[in-house]
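The structure appears below as structure tokens.
Rule-based calculations on the coordinates, nothing more; no lab input. Note that this is a predicted model, so its numbers are computed, not measured. Counting neighbours? That spans all protein chains shown, and the Cβs are built from the backbone with ideal geometry, glycine included.
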Amino acid sequence: MDSDFEKEYLSQRVAQFQSSDGAISMNADQWWTSIPVSPGVYVVYEDGKVIYCGETASLRARMKDLRDTRNHTLRRSVARHRLTKSEGFAEANQSRKFPLHIELILNEHMSKLMVKAVPISLGRKEIEHELIKLHDPIYNRVSRRGGL
């Protein structure tokens, strides 16, 4: 982004995520249904701190993915970070969930998180990149798609 307009746009969009004000608890039943279907950027907070940033073509579908270990790397990362020493821990991947007792513990932890999802159609990847640079979230890692 080279122009002043682009820099200002990026700065304004990044500023929308500076605090968890307006974030939705992941505890409520069907919390993801209040999220718009449109493309956008989302940030997950734990105790007000940014722990994950992402961008997607469909915010609602991606938020729903946060409920299934097979569909979202954040769930797998949280479990690896917090639960690997738990008895009976076995690795999960895109085709296999964690053992049931680990999934239940993970669900409990995930229900304490907050998410802010903002519809954005232009510059999603750039905004995600800036948020990751700014906050250095514990669960973001180098993208396989390039960039970060």
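Toward the positive end of the charge dipole of segment 4-135, with +1 on the Cβ of Lys and Arg and -1 on the Cβ of Asp and Glu, the farthest Cα among Val44, Ala90, Val14 is that of Ala90.
Suppose every K and R has +1 on its Cβ and every D and E has -1 on its Cβ; what is the size of the dipole of segment 4-135 about the Cα centre, in Debye to the nearest 20? Intermediate results must be reported in sequence, preceding the final value.
Values: 20 positive and 17 negative charges, 87 e Å.
That gives segment 4-135 a dipole magnitude of about 420 debye.
Listed by chain and number, the lysines whose alpha-carbon sits under 29 Å from that of Lys133, ignoring those within fewer than 8 places in the same chain, are Lys7, Lys49, Lys64, Lys112, Lys116, Lys125.
The stretch between Asn71 and Asn27, if pulled fully straight at 0.36 nm per residue, gains 14.0 nm over its current Cα-Cα span. Computed over segment 64-148, the convex hull of the alpha-carbon atoms projects to a mean area of 6.5 nm².
How high is the FRET efficiency from His101 to Ala61, r the C-beta distance, R0 30 Å, rounded to 0.05? Present the calculation step by step, with values, prior to reporting the outcome.
On the way: r = 28 Å, r/R0 = 0.93.
E(calc), rounded to 0.05, equals 0.60.
Annotation for Glu8 and Lys49: the two label points, set 7 Å from Cα along the Cα-Cβ direction, are 3.5 nm apart. Ranking Asn107, Ile120, Cys53 by Cα position along the charge dipole of segment 41-123, where only Lys, Arg, Asp and Glu carry charges on their C-beta atoms, puts Ile120 farthest toward the positive end. With the cut-off at under 17 Å, measuring from each backbone N in segment 115-136 to a point 7 Å along the Cα-to-Cβ line of Gln16 picks out 115-132.
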